[in-house]
Amino acid sequence: MQQNSWDVIIAGGGSAGLSAALMLGRSRRRVLVVDEGRPRNRFAGHMHGVIGRDHTSPLDLLADARAELGRYDGVELREGRIAAASVIEDPEPDAAADRADRGIEIVLGDGTRHLARRLLVASGVRDELPAIAGLAEQWGRSAFICPYCDGWEHRDERIGVLATSAMNVHQAQLMRQLSPDVTFFGHGIELPGADRAGLAARGIRVEERAVVEVLADAEGRLTGIRLEDGTEVAIDALFVGPRQVPNDDLLRALGAERAVHPMGGEFVAVDPMGRTSVPGVWGAGNVTDPRSSVPFAMSAGNAAGAAINADLVAAEVAAAVAMASSAGRPGRRRGDGRGRTVNTQ
Ligand SMILES: Cc1cc2nc3c(=O)[nH]c(=O)nc-3n(C[C@H](O)[C@H](O)[C@H](O)COP(=O)(O)OP(=O)(O)OC[C@H]3O[C@@H](n4cnc5c(N)ncnc54)[C@H](O)[C@@H]3O)c2cc1C
């Protein structure tokens, strides 16, 4: 087998990618995981809502997962970026084995080329924060996206919710479950009457003036919000709805179909096991699903890993049957029993 030839290549070594690698490694697959090392929650000191790992570092979880993968000799982890991917056209359209495994070529950032029978893209999203001075410095520290991930730590504190869309009303109502002191900073969005009524009924203040700055003390601790007219509102934590931009360049370049997600935004469409519209190409975790938490991403990666292995097994069965029926004919190709072809001439 060629050194740069793999059963599966995985783009992204976050919760989704490493879960998939674990399933595939345990199935004796040769797997290359390429990871740029920028998991979405890298800004957070602690991770929550993950059983067995509550209030632990998200980076420690990934380090432990990488160490666990060391038990599986078929799995290789590599730092870097997959810069391009393309489906290889079948050189012998009549050969059943080649049809089953026509393969995908990927190019790493350093120009190295690799071949894979299947590709899993688990490359996550980028969070684009509103352009407000001081906000990026608080991201993951005192400014968060998810009440379930970081709300409890700020129960009974003075909470701000900075709106980027009417969806943030839901965030504010979730935070009202945790604190009686919630201010909704509308920041120019139009609020439907029902939303406004719901906020008022639960004692959530609505601030209509635009936010111009997120304020911090000399140690960098969040202290409040400055409004357009200079008014300062003291808060202890801020919840924000950033624009989630999927890192799906590879999937787009391969022509994967996209769809509007029920939670908003356009994402590459996958079936419940992560299969995209492109044969041999899969997606898992945040890159295809804006709802993804760490357990969600793990679950999606786990499902995709198992489904990819099953897909390879199906291809191998088809190839083995084709080989068996043509066995003994001179000059034909012979399988190695795992669907790979060995040229006998
Ligand atoms: C501030 C913050 C706090 C959070 N806290 C929590 C929490 O407490 N609990 C919780 O459950 N969830 C939390 N989340 C959500 C959680 O981070 C995500 O749900 C989870 O990281 C998604 O996992 P993933 O594997 O899909 O993507 P990621 O974890 O983002 O991993 C994707 C990986 O792919 C890499 N990559 C991207 N493109 C390429 C490429 N072309 N080639 C190679 N590698 C590539 C990236 O660098 C990254 O390492 C938080 C999110 C944020 C923003």
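The values are calculated or read from the model by the stated rules, or taken from the named source; none is laboratory data. Remember, predicted model here, so these are calculated numbers, not experimental data. No Cβ is skipped: glycine too gets one built from the backbone with ideal geometry, and neighbour counts run over all protein chains shown. Remember, those area values only see protein heavy atoms, side chains included, never the ligands or the DNA or RNA. Shrake-Rupley method; radii C 1.70, N 1.55, O 1.52, S 1.80 Å.
If the viscosity is 0.890 mPa s and the temperature 25 °C, what translational diffusion coefficient in µm²/s does Stokes-Einstein give for the chain when Rh comes from Kirkwood over Cα pairs?
My calculation gives 110 µm²/s for D.
Could you state the number of Å between the C-alpha centres of the stretch 230-270 and the stretch 136-168? So the two Cα centres are separated by 16 Å.
For the stretch 130-241, carbon and sulfur atoms together expose 53% of the accessible surface, with a 1.4 angstrom probe and every protein chain in place.
Which net charge results for the neighbourhood of N41, defined as the other residues with beta-carbon distances under 13 angstrom from its beta-carbon, given Lys and Arg at +1 and Asp and Glu at -1? Once all neighbours under 13 Å are counted, the net charge is +3. Between E76 and Y148, the FRET efficiency estimated from the beta carbon spacing at R0 = 25 angstrom works out to 0.15.
Using all alpha carbons of the stretch 119-249, what is the percent of pairwise distances in each 10 Å bin, ordered from the shortest bin to the longest? The calculated distribution, bin by bin, is 13, 44, 32, 9, 2, 0. Electrostatic tally near T56: other residues with Cβ closer than 15 Å to its Cβ, Lys and Arg +1, Asp and Glu -1, net -3. Could you please report the charge total around M175, scoring K, R as +1 and D, E as -1 over all other residues with beta-carbon less than 14 angstrom from its beta-carbon? Within the 14 Å Cβ shell, the charges total -1. Using 0.36 nm per residue and subtracting the Cα-Cα separation, the extra length available between A133 and R113 on full extension is 3.0 nm. Two tests apply to each whole DSSP H helix in the chain, Cα reach of 20 Å or more along its axis and mean Kyte-Doolittle hydropathy of at least -1.0, and the ones passing both are 294-326. Averaged over residues, the count of other Cβ atoms within 10 Å places the peptides 81-87, 275-281, 256-262 in the sequence 275-281, 81-87, 256-262, highest first. On a per residue basis, the stretch 130-241 carries 47 Å² of accessible surface, using protein heavy atoms and a 1.4 Å probe.
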